[in-house]
1. To the nearest 20 debye, what charge dipole does the stretch 8-113 have about its Cα centre, counting +1 at the Cβ of each Lys and Arg and -1 at the Cβ of each Asp and Glu?
2. Cα-Cα pairs above 17 Å in the stretch 8-113: how many percent?
3. Which of the residue pairs LYS9/LYS63; LYS23/LYS70; LYS10/LYS63 have a Cα-Cα distance greater than 20 Å in the structure shown?
4. Under the definition of Cα pairs under 8 Å and six or more residues apart, what whole-number percent is the relative contact order of the stretch 8-113?
5. Quick check: pseudo-label points 7 Å beyond the Cα along Cα→Cβ at LEU108 and ASP86, how many nm apart are they?
6. Which trypsin sites (Lys or Arg not before Pro) in the stretch 22-70 sit in a loop by DSSP (not H, G, I, E or B) and have at most 15 other Cβ atoms within 10 Å of their own Cβ?
7. Tally Lys and Arg at +1 and Asp and Glu at -1 over the other residues with C-beta under 12 Å from the C-beta of ILE38: what net charge comes out?
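Values in this text are rule-based calculations from the coordinates and carry no lab data. Only a predicted model underlies this, so the values are computations on that prediction, with no experimental measurement involved. For neighbour counting, all protein chains shown are included, and Cβ atoms are generated from backbone atoms with ideal geometry for every residue, glycine included.
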Amino acid sequence: MKVSRLNSKKLAKLTELALDDLKGQSIRCIDVRSLTEITDYMIIVTGRSNTHIKALADAVVEKVKESSGKVIGVEGRHQSEWVLVDVGDVVVHIMTAPVRALYNLEDLWSFGSTPGREEESGISN
């Protein structure tokens, strides 16, 4: 049986759904294709606690693997104030509220994005 590879938009949507299922807060998906060749989408989400952040990261990893996707890496899981999950075409930043406010990645990655291609909690089809 041939396994089809998820395109970046479907992978981002799958990742968002995994975060939403575990009640990730303020999920934001930013299309960064016009800004970098490293990835297509950045997803930023707030976790309520270090334990919640670990659970969100684990849910993303599990959902991507279930869909025959590849997890490239998970960084920061031991500190759990900011965990990065790299699934190739999508990079997920899971942070506590103070860390998210401090680094303000939304502004960093949104400055050159095309209007209408950045979405708050949801990727349109």
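1. 200
2. Details: 2544 of 5565 pairs.
Roughly 46 percent, rounded to a whole number.
3. Among LYS9/LYS63; LYS23/LYS70; LYS10/LYS63, the Cα-Cα distance tops 20 Å for LYS23/LYS70.
4. Relative contact order of the stretch 8-113: 30 percent.
5. So the label points at LEU108 and ASP86 sit 1.4 nm apart.
6. Details: sites: LYS23, ARG28, ARG33, ARG48, LYS54, LYS63, LYS65, LYS70; in loops: LYS23, ARG33, ARG48, LYS70.
The qualifying sites are LYS23, ARG33, ARG48, LYS70.
7. Taking every Cβ under 12 Å from that of ILE38, the sum is -3.
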